[in-house]
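The values are calculated or read from the model by the stated rules, or taken from the named source; none is laboratory data. Here the structure is a predicted model, which means the values were calculated and not measured. All Cβ positions, even for glycine, are placed from backbone atoms using ideal geometry, and neighbour counts span all protein chains on display. Note: areas computed on protein heavy atoms with side chains; ligands, DNA, RNA excluded. Shrake-Rupley method; radii C 1.70, N 1.55, O 1.52, S 1.80 Å.
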Amino acid sequence: MSIFNTSLVLKQGYMVKRSQNKKLYTLVNFKKRWFVLTRKYLIYYDDENESKRREKGRVELERVHTIEAANTFFTTEEVGIEGEYFPFLVGYHADDDYTLFLLALQPLDRIEWIVAIREACANNIILRYYFHPAPWNGRKWNCCKSSTKLAEGCRECGNWLPNSVTDDNSNKEELGSTQSGTIMPGGTPGTPSARQKDNKPVQRSKVVVALYNYKAIESGDLSLEKNQEYEVLEDSQEHWWKVKDSKGNVGFIPSNYVKEKELLGLQQYEWYVNDMSRQRSESLLKQEDKEGCFVVRNSSTKGLYTLSLYTKVPHPHVKHYHIKQNSRGEFFLSEKHCCVSIPELINYHKHNSGGLASRLKTSPCDRPAPATAGLSHDKWEIDHSELMLLEELGSGQFGVVRRGKWRGSIDVAVKMMKEGTMSEDDFIEEAKVMTKLQHTNLVQLYGVCSKNRPIFIVTEYMRHGSLLNHLRRHEQSLSSNQGLLLDMCIQICKGMAYLERLNYIHRDLAARNCLVGTENVVKVADFGLARYVLDDQYTSSGGSKFPIKWAPPEVLNYTRFSSKSDVWAYGVLMWEVFTCGKMPYGRLKNSEVVDRVQKGLILEKPKGCYKEVYDVMRKCWAHLPENRPSFRILKDTLLNVSQGILVD
Ligand code: AMP
């Protein structure tokens, strides 16, 4: 039972619904339905009257990728119901891509529905940039006449993404496929919607559950206890929310440490590791080295889940099992044992191996908590005296980097900026913005110590150091594990897709500027820093320290940086990964490299690298920036490649 009262109905009312033509042989029809929008579902019923109404279907809001006004107009004859209609569409991905065409009965009503559904979907990770404004007729799209059903939409979506900047993949797992629409992988369906007598939506309060422990250090912050519930009092800032615990204590907490109770799904379980890849789950389980140790992760096929299980019999290895669903929507690993939810299935196999290599026993514990955006709410200036400096981690362009502890408890890396190497005032201003960038695959900037000289840049500590050194150090084991190499590239691509979405250009993307943490997590570091470097040799394309080998023609010719110049550099970075840290273009001099690039000569395929992977690199090296794919497209391509060449 929740300790707080939550009421679910956000909006409700009549609309006409066009059938979704899921099967080609069913005729398209239109029906008047009573729609109820909750925070989790858009549900439609055959009758307004709550006592009589029967649910006819529902769309899970986490699966929605598009909410747009439709430009298609259905005639009264087509619809068969008298009146004027104001159409809009809700695109979502369940076991396939579907578009729900809805006809509001008043123009204002259409706007209100669109706004209400968009608000409820504001944090969805799968929001699309393009859509088709008219239906697919079984052979082609009625709008652009494209005959490819999966063709990207022909119309750009409205610019309604939330003002806030959200992490585009972390901590927001997709819930599983609900073929029948009634069984959730995490358990029972949402409670039927509550409604006040006058049909007005009820004021709601947001309740979140802590996914990790959090120790409040600054005054004004509040400690979190894993699995406990908190009421959100203020969520206007993206990364730090004001919450109240069950004892009435109020304070700020990092928003990425909690998940809305209603969207919790499988995240409440120790064994669920979200979108950890096959390769990373194998490393994690091998490291634990315990018979029957297991995790459940999102499969590379969206909406499905995979169980990864470690066994020592006949030799230590990890087995991967797809969790399947039968026609009743029940989950199973072996058809003889079906359960209504994944947790029940796991519980069953904890007691019976039921055909698995071993009974499920334990799952890895003490998994690392994510970095917070800044070390406390609204904090980016860090007090020198609160930092304990420890061993040197390395040194780079700006000076020495040392490991440190903030207030004796939080691991950090401290970059001690050599004086005169950067335009400090401009950077300090920028740092305020940069602390707000947060993504699983970006090294978190915690803040700066700018009151003393040299200034310190304080970031998340990454245990295994630079990716370049990591690749070189582990060449032997990594070169035979193309899956792990591809996984590293996908992680970097996800971080870059996040920056791209914010129009944030890295300018110096390369393996030396990525770092490796625990559980083989790879993150992009030093984004945007190049703008503040004062050294001409680094900033001008003719300079000796300029990263020529990562630069596309338009940067070499006109110093024109863009997300597409980052894409070129990303191709070179992929090449570095698949050669385990070789120097691109070997010993060629910078001038020779420029010559080659201008002539359109590209790096050769790394030894042992899949052709499909090399094809992706080649796309990044298109001569004209507009011919290079975006990181968003690259990410999808790489995920497809990984699915095609590696078993999930
Ligand atoms: P940089 O100045 O960023 O090139 O860093 C120089 C070296 O310090 C890198 O090659 C890493 O080995 C190390 N280093 C930098 N930042 C971190 C970090 N956040 N965590 C761990 N090691 C780091």
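Among residues of region 501-525 that are within 22 Å of Ala551 (Cβ to Cβ) and touching a residue at least 12 places away in the same chain (Cβ under 8 Å), those with a beta-carbon under 8 Å from a residue that is hydroxyl-bearing (Ser, Thr, Tyr) and more than 12 Å from the ligand (Cβ to nearest atom) at least six positions away or on a different chain give the pairs Asn503/Ser563; Ile505/Ser562; Ile505/Ser563; Ile505/Ser565; Arg507/Ser565; Leu509/Tyr570.
List the helices (runs of 4 or more DSSP H) inside region 518-592, counting only whole elements, that have at least 2 residues being under 32 Å from the mean Cα position of the chain (by Cα) and of a type outside the set (S, T, N, Q).
Once the helices (runs of 4 or more DSSP H) in region 518-592 are filtered for at least 2 residues that are under 32 Å from the mean Cα position of the chain (by Cα) and of a type outside the set (S, T, N, Q), what remains is 553-558, 563-578.
When you look at Pro552, is it closer than 24 Å to Lys599 by Cα and buried (at least 22 other Cβ atoms within 10 Å of the Cβ), yes or no? So Pro552 passes the test. Residues in region 333-344 that are within 16 Å of Gly303 (Cβ to Cβ) and either in contact with a helix residue (DSSP H, G or I) (Cβ under 8 Å, 6 or more places away or on another chain) or without any contact (Cβ under 8 Å) to a residue 60 or more places away in the chain (or both): Ile342 alone.
List pairs: first in region 49-68 and more than 19 Å from Glu112 (Cα to Cα) and in the same structural domain as Ala134 (by TED's automatic domain parsing), second modelled with pLDDT under 90 and open to solvent by less than 10 Å² (accessible area, probe 1.4 Å), Cβ under 6 Å, 6+ apart or cross-chain? Close Cβ pairs satisfying both conditions: Glu62/Leu175. Reported count of residues in region 211-242, each being in contact with a helix residue (DSSP H, G or I) (Cβ under 9 Å, 6 or more places away or on another chain), farther than 23 Å from Ser409 by Cβ and part of a loop (DSSP other than H, G, I, E, B), is 3.
When the strands (runs of 3 or more DSSP E) confined to region 26-116 are screened for residues that are open to solvent by 30 Å² or more (accessible area, probe 1.4 Å), those reaching at least 1 such residues are found at 30-37, 55-60, 64-69, 86-93, 97-104. Residue pairs whose Cβ atoms lie under 7 Å apart, separated by 6 or more positions or on different chains, with the first residue in region 606-618 and within 15 Å of Trp568 (Cα to Cα) and the second open to solvent by 10 Å² or more (accessible area, probe 1.4 Å) and of a type in the set (Val, Ile, Thr), are Val613/Val641; Val616/Thr637; Val616/Val641; Arg618/Ile602.
List the helices (runs of 4 or more DSSP H) that sit entirely inside region 389-489 and contain at least 1 residues that are on the phi < 0 side of the Ramachandran plot and within 16 Å of the ligand (Cβ to nearest atom).
424-434, 467-473
As a summary of the residue check, Thr435 satisfies the conditions (1) closer than 20 Å to His239 by Cα; (2) surrounded by fewer than 16 Cβ atoms within 10 Å (Cβ to Cβ); (3) in contact with a Leu (Cβ under 7 Å, 6 or more places away or on another chain) except for the one numbered (2).
Within region 128-148, which residues are open to solvent by less than 30 Å² (accessible area, probe 1.4 Å) and closer than 13 Å to Ile67 by Cβ? Those that are open to solvent by less than 30 Å² (accessible area, probe 1.4 Å) and closer than 13 Å to Ile67 by Cβ: Phe131, Pro133. On inspection, Ser591 passes the criterion of being farther than 25 Å from Glu475 by Cα, small (Gly, Ala, Ser) and surrounded by fewer than 18 Cβ atoms within 10 Å (Cβ to Cβ). Would you mention how many residues in region 593-648 are among the aromatic types (Phe, Trp, Tyr) and assigned to a helix (DSSP H, G or I)? The total comes to 2.
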